[in-house]
Amino acid sequence: MRDGLLLGLLWIASFALYVAGLTSPMLSFFAVGMAVSTPIVVGARLMAFRNGVLGGYISFGRAWFYVALLFFYGGVLLAIAQFIYFNYIDHGFFLQSMYRILDGEEAQELFRNKQALNDLVGQNLHILGTMRPIDIALNFLSTNICIGVIVGLLLALIFRRTRPKGSEGENGNVPLA
């Protein structure tokens with residue numbers, strides 16, 4: 001749960017920088033960097049758990065479950081922060097900023113020959129505008145959990161480490177010390 005708290009704080013900071021980046025593009029760059037660093041942070045926490053708590057060994061299943069729980073706890077904290085933001089703080093700023101970006105010269109140039117993509121983005125923004133804050137937060141939560149399951153598979157494959165044969169004690173039990 002402590003590592004989930006750290007992940008949640010990373011995501012909340014990334015979300016806050018992304019929202020602030022709607023008026024200052026440099027902050028968006030840092031927000032994306034923080035979000036992309038998620039697998040590195042989670043991998044480091046998984047390795048610390050494996051080495052510090054489990055004596056250097058962790059099964060694939062336990063590693064996968066650990067990462068999935070980490071994403072769940074972090075996702076719950078982010079969902080709470082997003083609910084608070086969209087329900088009490090935003091007052092339409094996020095959606096207005098997105099429309100302003102789409103109406104800008106750069107976006108118009110990008111979508112000039114891609115009308116279907118422009119229509120899709122516009123429809124998605126319209127749908128976002130009709131969603132309640134709790135719906136937005138739960139949507140992000142479910143997305144983060146699904147990503148956690150997938151990232152967990154990869155990280156569990158990378159960081160699993162089984163005990164060598166013969167390191168068990170009597171009756172096949174692993175010694176505690």
Picking from Leu17, Leu138, Leu128, which is most flexible by a Gaussian network model of the chain using Cα springs under 10 Å?
Leu128
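To two decimal places, what compactness ratio does the chain give when its Cα radius of gyration is scaled by 2.2 N^0.38 Å? All intermediate terms of the calculation are to be shown ahead of the outcome.
Details: Rg = 21.0 Å, N = 177, 2.2 N^0.38 = 15.7 Å.
Normalised Rg, Cα atoms only: 1.33.
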Whole-Hz ³J(HN,Hα) from phi, Karplus 6.51 cos²θ - 1.76 cosθ + 1.60, for the stretch 131-140, glycine and proline x:
7, 7, x, 5, 5, 4, 4, 5, 5, 5
Treat the count of other C-beta atoms within 10 Å as a stand-in for reagent exposure and order Asp119, Asp90 from fewest to most.
Asp119, Asp90
Label-point separation (nm) for Ala13 and Tyr57, each offset 7 Å from Cα along Cα-to-Cβ?
3.6 nm
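Each reported figure results from applying straightforward, stated rules to the coordinates on display, with no laboratory input. Treat the numbers as computed from the prediction; the structure is a model and nothing was measured. Cβ atoms come from the backbone with ideal geometry, glycine included; neighbour counts cover every protein chain shown.
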